[in-house]
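The values are calculated or read from the model by the stated rules, or taken from the named source; none is laboratory data. Just so we're clear, the structure is a prediction, and the values are computed from it rather than from any experiment. Counting neighbours? That spans all protein chains shown, and the Cβs are built from the backbone with ideal geometry, glycine included. Accessible surface is based on the protein model in full, side chains and every heavy atom, while ligands, DNA and RNA are left aside. Shrake-Rupley method; radii C 1.70, N 1.55, O 1.52, S 1.80 Å.
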Amino acid sequence: AVRAEIAQAAVGLFAERGFDDTTVEDIARAVGMTKRSFFRYFPTKEDAVFAGTEVLVEQVVADLEARPADEDPWDCLHQVLRRWQERIYTSGAELAGERLIQSTPALRARLHQKRELWRNAARDVLVARSRGALDDFAADLLTNAATAVLDSVGREWVRTDGRADRAELLDRGFGALRPRLPA
């Protein structure tokens, strides 16, 4: 609960003042704690924007593992990510956070680091699920393509000021990049 409160205050301050013009002291003060206390919850101010990412990665990986064993890997990724998109992006707060990330180089870099953790975990699940039918290279291609879809969905959602249907965009992206598997 404290992490969520800090994260919410941080995103609000970043949106209001800008990421670079907001200090850790500002965030700590906004939630009634010291700078030292802030660092007990987050190693960097960038991490406050991505609170809960590690738990989310674990949950998405668990959802991938729970999908039917005979499901096509691309369809598996699509269905799991579609479900999570619907759960995560339900209010204006997410739009503000997405705008913030897209407009702040340090946050874009941190997002790519976080996504790398997810891609590696998802790759391992896809390889394990395939029982030898999918190698690391093919699974890397699929997870990288899936995150490219997520990136494009996010950019279009921000461009349309949150009016675009994220689920429809995700479906379009997964449809456009559907891999052609060898016969």
Quiz item: Given labels modelled 7 Å from the Cα in the Cβ direction, how far is it in nm from ALA164 to ALA128?
Solution: 3.4 nm
Quiz item: Which angle between 0 and 90 degrees, to the nearest 10, do you get for helix 136-159 versus the longest principal axis of the chain when only C-alpha atoms count?
Solution: 50 degrees
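Treat region 114-183 as a sphere of radius equal to its Kirkwood radius over Cα pairs and apply Stokes-Einstein at 10 °C in a medium of 1.306 mPa s; give the translational diffusion coefficient in µm²/s, rounded to a whole number.
Working: Rh = 13.2 Å.
The estimated diffusion coefficient comes to 120 µm²/s.
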Exercise. Any chance you could list P(r) for region 2-68, counting all Cα-Cα pairs in 5 angstrom bins from zero, rounded to whole %?
Key: 3, 18, 27, 19, 11, 8, 7, 5, 3, 1
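Which sequence of ILE101, ILE88, ILE6 reflects their accessible areas, 1.4 Å probe, from the largest down?
Details: ILE101 25, ILE88 55, ILE6 0 Å².
Result, largest first: ILE88, ILE101, ILE6.
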Self-check item: Residue-level accessible surface for TYR41, protein heavy atoms, 1.4 Å, Å²
Solution: 80 Å²
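Sorting LYS35, LYS45 by accessible area (1.4 Å probe), largest first, what list results?
Values: LYS35 90, LYS45 35 Å².
Descending order: LYS35, LYS45.
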Exercise. Post the alpha-carbon centroid distance, region 1-51 to region 116-162, in whole angstrom.
Key: 29 Å
Exercise. Report the one residue of LEU107, ALA69, TRP84 whose Cα lies farthest in the direction of the positive end of the charge dipole of region 67-163 (charges on C-beta: Lys and Arg +1, Asp and Glu -1; origin at the Cα centre).
Key: LEU107
Practice problem: Output the relative contact order of the chain, whole-number percent, from Cα pairs under 8 angstrom with separation of 6+ residues. | Solution: 21 percent
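Roughly speaking, to the nearest percent, how much of region 1-139's 1.4 Å accessible area is carbon and sulfur?
Values: 3870 of 7510 Å².
Accessible surface attributable to carbon and sulfur in region 1-139 totals 52 percent.
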Quiz item: When all C-alpha to C-alpha distances in the chain are sorted into bins of 10 Å, what percent of pairs does each bin hold, rounded to whole numbers?
Solution: 9, 34, 32, 18, 6, 1, 0
Self-check item: On Cα atoms only, tilt of 92-103 relative to the major axis of the chain in degrees
Solution: 90 degrees
Quiz item: For ASP75 and ASP151 in the same chain, what is the full-extension length gain: residue separation times 0.36 nm, less their Cα-Cα distance, in nm?
Solution: 25.5 nm
